[in-house]
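Values quoted throughout were computed directly from the atomic coordinates according to the rules given, and no laboratory measurement underlies them. Just so you know, these numbers come straight off a predicted model, no measurement behind them. Cβ atoms come from the backbone with ideal geometry, glycine included; neighbour counts cover every protein chain shown.
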Amino acid sequence: MTPPSPFPLLPSPIRVLGIDPGLRVTGFGVLDKEGQQLHYVASGCIKTPDGELPERLKAILNSLGEVIAQHQPGQVAVEKVFVNVNPQSTLLLGQARGAAICAAVLANLPVAEYTALQVKQAVVGNGHADKEQVQMMVQRLLKLSGMPSPDAADALACAICHAHSGTGLGALATKGLRMRNGRLG
């Protein structure tokens, strides 16, 4: 029998896939959380072909399935749909989001959902930050050499939000708390 090590075992990195769903462009971002450190793994955009809705949803499902197979995340974070002025656009975005969630569920991955307000608050410190601010903070937080595209930055921001939340990662004890004005309270 081996004696116990005097050095504590360090937890292995947790790999998070962030998804910013869109019917035309779905952003994805993969990062590792090791202790309090975040390490960039990959990011990109899935562009769906013009055409009928079922084919576009299939492209999102299949492409995210490939991203999951390639990068092997342990958890997935998806941005929630906001209700906008055009109900038809909201419905279409919801269907793209459903395809993204299905890709994660088919891979037996836990899925956490965050509003744009929560994501921006976690990354920028302001729930009403604009896209450029999110891009710059993602670049800074992950020490990227270049600015990520807006969709990839939003997906990486979603992954960062999840990495800093208590949902499955144990970073914060958030049970019993609710969001008020973009902050836990």
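Quick notes
- Of the residues Pro49, Ala59, Met137, the one whose Cα sits farthest towards the positive end of the charge dipole of region 14-184 is Met137 (charges of +1 on Lys and Arg Cβ, -1 on Asp and Glu Cβ, taken about the Cα centre).
- Extension gain, Ser89 to Ser149: 0.36 nm times the residue separation minus the Cα-Cα distance gives 19.4 nm.
- At full extension, Leu109 and His39 could sit 23.2 nm farther apart than now, given 0.36 nm per residue minus the alpha carbon distance.
- Normalised by the number of residues in region 14-184, the mean separation of alpha-carbon contacts (under 8 Å, six or more apart) gives a relative contact order of 27 percent.
- Spin-label model distance (nm) - Lys47 vs Asn126, 7 Å beyond Cα toward Cβ: 3.1
- Ranked by how many other beta carbons lie within 10 Å on average, peptides 126-139, 44-57 from highest: 126-139, 44-57
- At the listed q of 0.11, 0.13 Å⁻¹, the Debye profile of region 19-108, built from one uniform point per Cα, gives log10 I(q)/I(0) equal to -0.32, -0.43.
- Dipole magnitude of region 14-184, debye to nearest 20 (Cβ charges: Lys/Arg +1, Asp/Glu -1, about Cα centre): 520
- Shape category assigned to region 14-184 from the gyration tensor of Cα positions, a/c cut at 1.5: rounded
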